[in-house]
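The values are calculated or read from the model by the stated rules, or taken from the named source; none is laboratory data. None of the values given here were measured: they were computed from a predicted structure. In this analysis, Cβ positions are derived from the backbone assuming ideal geometry, glycine residues included, and neighbour counts consider all displayed protein chains.
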Amino acid sequence: MSAPDKPLAGRRRPGALLVGSIVYLAAIFGVMLWRGISIEPEFVVLALLVIAVALGRGIAFLTDWAPFLLLFFAYEAMRGFASKTGSAPHDLSPVERAVFGGTLPTITLQHAFYKPGVVSPQDLVAMFFYFMHFPLPILVGFVFWLNSREHYRRFIAALLLMCFIAFITYLFWPSAPPWYQYPHDVNKIIDRTVQLLWGNQYFVSGIYHSFNPNRFAAFPSLHAAFPALAAVYAWRRYRPLSIALIGWSLAVLASIVYLGEHYVVDALAGYVYVAAATLLVEGFLRWRARRAFTPARPSA
């Protein structure tokens, strides 16, 4: 087992500095979203590094986060490669119809709430939850890291394992999202909303593509899986945060289905991957702990 975390007494406590930093960063990221600038992971990490330095923990941040970022960006690069294998994407709509009595929830939601040619509040809210796909687990990981580097490492290990298991699925079993499978029945709301808000400005139209190098990576939905995994790891130590993340997960589920980016079964599969990654990581850590504390047998 790794050494226990050092007591917080010797550290500079976050206090007003951290609160002020969060408010400032929220304002900056809000303006970026408003202006259509993609909040990509490297921007979030750079902002968090500034906070860590202000808290007197800059070196520890670089030491703990560098391996995670290297592996995370490697996964992102490979995720794009998975779309170039030439494999035909699978159609999961028959499974979706079987689960929901012959209907597709995406089409039902869009018929009820989407208004072509108009930017509605629900479109903007759904896009917000969709584009927080990468920033959210990084921000939650930062909360874990501030209080327990050991807990942060467990969460990051499960996150990376889940990503790479999903990558294997994308590589050998690609699947098409609703907007691709039903181009005449499902509106690609993100593209249409971006066009209505900002026209042909590149810095906005590139947001979706920067987050989706593989359009056939629908099953499982990591959009659904990321906040669910964060909620699992927050449950014992940060119960209010975990409850908020459960609500966030439900909002993401509704958003990705409404936007036509995922089927409900994609999200359900994401939750299964969350469970698998958590069980594997925690099971391995318990096994390693038992081995470390098993007394050696005396020699004959």
Task: Top-ranked residue of region 95-145 - restricted to ones that are aromatic (Phe, Trp, Tyr) and either without any contact (Cβ under 8 Å) to a residue 40 or more places away in the chain or not in a helix (DSSP H, G or I) (or both), ranked as farthest from MET162 (Cα to Cα) - done: TYR114
- [ ] Six or more apart or on different chains, Cβ under 7 Å: which pairs go from a residue in region 280-292 that's closer than 25 Å to CYS163 by Cα and at pLDDT 85 or above to one that's surrounded by 12 or more Cβ atoms within 10 Å (Cβ to Cβ) and not charged (D, E, K, R)? Could you list them?
- [x] LEU280/LEU161; VAL281/ALA157; VAL281/ALA158; VAL281/LEU161
Task: Search result, residues across region 170-199 that are in a loop (DSSP other than H, G, I, E, B) and either farther than 22 Å from PRO116 by Cβ or modelled with pLDDT under 60 (or both) - done: TRP173, PRO174, ALA176
Task: Residues satisfying the stated conditions in region 139-178, i.e. of a type in the set (Val, Ile, Thr) and buried (at least 23 other Cβ atoms within 10 Å of the Cβ) - done: VAL140, ILE156
Open item on the list: Restricting to region 201-252, give me the number of residues that are modelled with pLDDT under 90 and of a type outside the set (Lys, Arg).
Closed with: 17
Open item on the list: Within region 55-79, take every residue that is farther than 30 Å from ILE168 by Cβ and in contact with a helix residue (DSSP H, G or I) (Cβ under 6 Å, 6 or more places away or on another chain) and give me the one that is modelled with the lowest pLDDT.
Closed with: GLY58
